[in-house]
Structures are given as C-alpha cells and as structure tokens.
Amino acid sequence: QVRLVESGGGSVEAGGSLRLSCVVSGLTFSQYRMAWFRQAPGKDREFVAAISKSGDATGYSNSVKGRFTISRDRGKSTVYLEMNSLKPEDTALYYCAADYTLVGGIQTAPNVYKYWGLGTQVTVFS
C-alpha cells in the first residue's frame, strides 16, 4: 500500500529551526512531484512548498519563501522541508503529499495531490 509518513515536528521557540521528513513507500518515488501543505485549526489547508519529480524545480508560498527549503532524496524515497527563522504563524499540522505525473514542474493546489500523509505537528512559541 502507498504510505507517506511524516516526522520531525515538534515545539520550537520563534527564530528556531526544524527539519521535517516524509518517507514514501508503495509507489515509484521518481514518478511523483511532492509537496508540503499545512493546516492550522479552523483554517483551510495552505500550500507551503513543492518540488518536481526530478528535483529540478521548486516553489514556495510567499509566507515561507527565503526561510524554508524543500528537497528530495531518491535513494531514501524521502522529501524534506528545512524550516528556518520560524514564526508563531508557522504553527500548524504539516502534511506531505504526492502527485503522479508524466511531466515536470510543480503544482500548488491541494486537490491535484492524490496521496497524503497523516501530518506532523509544528508548534512555534514566542
């Protein structure tokens, strides 16, 4: 079965850093673009970052650009989200998502992603 398992969340002081991991199994990792979304209580799911299936293209929301970095490791079938200069507004449940594609590029809309992890909580306090 397809599994996306996030890890690395936790509680961190504002200004700190955290690295999230998403281990993927049950699919051919190189055929999927990957993304991170987040959702705070009472709010809609929000795009954070995406990476193309080959890793040659990335995209970020304006709110995290310059602070977060998405990457992927083919050998480990894992996608990462390096988060720096964290702010209380970054507090949310962070989800990893996968989208099968025959072409490159990224997607930012959550509805195009078929597979999702269960999320990992990130809490930033001041």
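Rounded, prolate or oblate, given the Cα gyration tensor of region 1-63, with a/c below 1.5 counting as rounded?
Note, shape of region 1-63 comes out prolate.
Choose one answer from P41, P88, P110: the residue with the largest mean-square fluctuation in a GNM of the chain with alpha-carbon springs under 10 Å.
Evaluated over the chain, the most mobile residue of the options is P41.
Starting from the amide H of R33, placed 1.01 Å from N in the peptide plane, find each other amide H under 5 Å away whose residue is 5 or more places distant or on another chain.
K53, D99, T101
With every protein chain left in place, what is the accessible area of T91 in Å² (1.4 Å probe, nearest 10)?
40
Out of residues 5 or more away from A57 or on other chains, whose amide H comes under 5 Å of its own, with H placed 1.01 Å from N in the peptide plane?
Excluding prolines and chain starts, which carry no amide H, the hits are S52.
Lys/Arg Cβ at +1, Asp/Glu Cβ at -1, dipole of the chain taken about the Cα centre: which of N84, C22, Q1 is farthest positive-ward?
Going by the Cα projections, it comes out as Q1.
The values are calculated or read from the model by the stated rules, or taken from the named source; none is laboratory data. What you see is a predicted model, and the numbers here were worked out from it, not measured in a lab. Using ideal geometry, Cβ is built from the backbone for each residue, glycine included, and neighbour counts are taken over all protein chains shown. In case anyone asks, the SASA skips ligands and DNA or RNA and just uses the protein heavy atoms, side chains included. Shrake-Rupley method; radii C 1.70, N 1.55, O 1.52, S 1.80 Å.
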